[in-house]
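The values are calculated or read from the model by the stated rules, or taken from the named source; none is laboratory data. In this text the structure is predicted, and so the values were computed from the model without any measurement. When we count neighbours, we look across all protein chains shown, and the Cβ atoms used for this are built from the backbone with ideal geometry, even at glycine. The protein model used for the area step is the full one, side chains on, heavy atoms only, and it has no ligands, DNA or RNA in it. Shrake-Rupley method; radii C 1.70, N 1.55, O 1.52, S 1.80 Å.
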Amino acid sequence: MLKRVGILINGGDAPGLNAVIRAITRTAERNNVECYGFIDGFNGLLNNNYIRLDKQIVTSGILHKGGAIIGSSLNANVFNYKVIENGEVVYKDLSEQCVQNLKDDQIDCLFTLGGDSTQKSARDFSLRGINVIGVPKTIDNDVACTDVTFGFNTAVSVATEALDRLHTTAETHNRIMVLEVMGRYAGWITLESAIAGGADVALLPEIPYDMDKVVEKIKERQKIGKNFSVVVVSEGAFPKGGNISIKDTREGGKGVINVQLGGSGDIVAKELEKRTGLVTRNTTLGYMQRGGTPSATDRILSTRYGAKAMELALEGKFNVLTVLRNGKLDCVSLEDVVGNNKEIGAVEGGTKESNMKTIKMDDDLIKTARNIGICLGD
Ligand code: F6P
């Protein structure tokens, strides 16, 4: 009999987090299950810092709100946790403390709302005997085994709105406008917003770009009297034979997602201005994509994911990720989500072994983009 469940969030926020919390809590209450939220994700789990979530007060009126009422942990891997000992930074496996806390709190199932790295830790907890159910969160849409993650639709909408605005100023001043968007090693936000926003060029991490091809596209447009262009660049895009743009390395490279990406848009903008003679400006959209109210689509998806996750818990189906496949709610084993990144506590997030969902070249979206003449830099 399921009595108490816990929720934790790890990683960057994504629109729809509160909607998931609300749906889990509501479904739990209808089945006489108590719901708890760990404050600031894995940090709350480690320090046993949690609050009771109820339908009546705490989770009331949060459906449309951005962020998360229980916070989130960033770059926190309790299997490889940063601690200061004698003035020195060391990394330790503190997962046993978390397991003990869950046992003391009598939490029968832990819901882990997060992306690739979070679900890796969730899988690692399942191997330590904890019942876990993951919910795929990230604006990047790069979690394996699911069609879509919550937060992605809102991020695409924000990027599309930015492109619409850049379009009019580009046209007015005969400029090239570059928009750098998030997505780390996956170009989903770039590709979908480029299609929705009518961009001329979309540069993805999956296709190392050839600047000659991009210049060619812009010159073709000039020949037909279009003296402006709109270019979307993934933060993880890089030129053929070149490197990804890293803004900063965090925690000496030992943390979870240890590199901060950024700068790809500026690089593309500078090169385009030099080679086309058109004034070129870059806008980095950044955290605008993550914050704020979720779209209706994300509210619905998050609610479906949250209710399904609780349903799975009631059925006793643990150590799975709640997913959407061909439009239908389902679940897959966390082992499948983790892919080849089997080692407990291994650093995750874009490692070679991780099972991150990137865009395949036979994806319909790639074909659509090519069919309508969007230059993908190849
Ligand atoms: O994973 C979501 C994401 O928004 C990425 O697209 C981006 O690279 C990253 O988070 C930036 O996160 P932060 O600076 O908060 O670590």
Exercise. Please find, within region 298-315, the residue that is farthest from the ligand (Cβ to nearest atom) out of those that are open to solvent by 80 Å² or more (accessible area, probe 1.4 Å) and in contact (Cβ under 8 Å) with a residue 60 or more places away in the chain.
Key: 311
Practice problem: Test residue 97 against the criterion of being of a type in the set (S, T, N, Q) and farther than 22 Å from residue 183 by Cβ, and give yes or no. | Solution: yes
Exercise. Test residue 280 against the stated conditions and say whether it is surrounded by fewer than 22 Cβ atoms within 10 Å (Cβ to Cβ) and among the polar types (S, T, N, Q).
Key: no
Practice problem: Considering (1) under 26 Å from residue 158 (Cβ atoms); (2) at pLDDT 95 or above; (3) away from the ligand (no atom under 16 Å from the Cβ), say which one residue 284 fails and leave the rest. | Solution: (3)
Exercise. Give me the pairs, please: first residue somewhere in region 102-123 and β-branched (Val, Ile, Thr) and open to solvent by 20 Å² or more (accessible area, probe 1.4 Å), second residue anywhere and assigned to a strand (DSSP E or B) and modelled with pLDDT of 95 or more, beta-carbon distance under 7 Å, and either six or more positions apart or on two chains.
Key: 107/4; 107/5; 107/6; 107/36
Quiz item: Hey, among 23, 14, 19, which residue is within 16 Å of the ligand (Cβ to nearest atom) and modelled with pLDDT of 95 or more?
Solution: 14
Quiz item: Taking region 167-214 only, how many residues are among the charged types (D, E, K, R), under 17 Å from residue 269 (Cβ atoms) and within 16 Å of the ligand (Cβ to nearest atom)?
Solution: 1
Practice problem: Report, by residue number, each residue of region 226-236 that is among the hydrophobic types (A, V, I, L, M, F, W, C) and either farther than 14 Å from residue 205 by Cα or free of Cβ contacts under 8 Å to residues at least 60 places away in the same chain (or both). | Solution: 228, 230, 231, 233
Practice problem: Test each condition in (1) crowded, with 19+ Cβ neighbours inside 10 Å; (2) out of contact with any Phe, Trp or Tyr (no Cβ under 9 Å at 6 or more places or on another chain) for residue 371 and report the one that comes out false. | Solution: (1)
Practice problem: Taking residue 245 as the residue in question, decide whether it is polar (S, T, N, Q) and farther than 17 Å from residue 176 by Cα. | Solution: yes
Quiz item: Pick from region 124-137 the residues that are touching a Gly at 6+ places or on another chain (Cβ under 9 Å) and open to solvent by less than 20 Å² (accessible area, probe 1.4 Å): which of them is nearest to residue 345 (Cα to Cα)?
Solution: 124
Self-check item: residue 200 being open to solvent by less than 20 Å² (accessible area, probe 1.4 Å), among the charged types (D, E, K, R), at pLDDT 95 or above and more than 28 Å from residue 324 (Cα to Cα)
Solution: yes
Exercise. Determine whether region 214-228 contains at least one residue that is open to solvent by less than 40 Å² (accessible area, probe 1.4 Å), among the polar types (S, T, N, Q) and either in contact with a helix residue (DSSP H, G or I) (Cβ under 7 Å, 6 or more places away or on another chain) or at pLDDT 95 or above (or both).
Key: no
Exercise. Filter region 26-45 for residues that are within 16 Å of the ligand (Cβ to nearest atom) and open to solvent by 10 Å² or more (accessible area, probe 1.4 Å) and give the result.
Key: 40, 43
Self-check item: Among (1) open to solvent by 10 Å² or more (accessible area, probe 1.4 Å); (2) in contact with a strand residue (DSSP E or B) (Cβ under 9 Å, 6 or more places away or on another chain); (3) more than 16 Å from the ligand (Cβ to nearest atom) - the single one residue 250 does not satisfy
Solution: (3)
